[in-house]
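The values are calculated or read from the model by the stated rules, or taken from the named source; none is laboratory data. Every value quoted in this text rests on a predicted model; they were computed, and no experiment measured them. Counting neighbours? That spans all protein chains shown, and the Cβs are built from the backbone with ideal geometry, glycine included.
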Amino acid sequence: MNILHRVAQLVLDINKIQAEAVFKVYGRFGLYRRLYIVCGFPEGTAKGLGERLLALGHEGVAEQHEILCRFTRGDIGGVQLIEELAQWFSGYMENCQAAAMTELQAAA
């Protein structure tokens, strides 16, 4: 691995650490829970939805990091990177939607 690959990997690792830290701060401050309460959700629903979305966010950071690391190592090309990121994002949004619908149906 040459120096540019090492620098690229370092940048990806730092970005992953930063994203994980943001999710931890959101969890500690109960940001999502507070946001949903302000929007009129009941306390229990807001708490459950916030926790599920934070968990999905943590998983998403790890999955996205793995895809980008494969690109940095040269395992996949640029076009395949775009396709995999698009596929990942679509799946991530579906999971978030399913989590939201589950929590909202339970509250109804």
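Worth a mention:
- Here TYR36, TYR26 are screened, and the one residue that is without any contact (Cβ under 8 Å) to a residue 24 or more places away in the chain and of a type in the set (Ser, Thr, Tyr) is TYR36.
- Complete set of residues in the range 63-104 that are at pLDDT below 95, loosely packed, with under 13 Cβ neighbours inside 10 Å and under 20 Å from ILE17 (Cα atoms): ARG73
- Considering the range 1-80, the qualifying helices (runs of 4 or more DSSP H), each wholly inside and each with 2 or more residues that are more than 20 Å from GLN105 (Cβ to Cβ), among the basic types (Lys, Arg) and within 13 Å of the chain's Cα centre (by Cα), run over 3-29.
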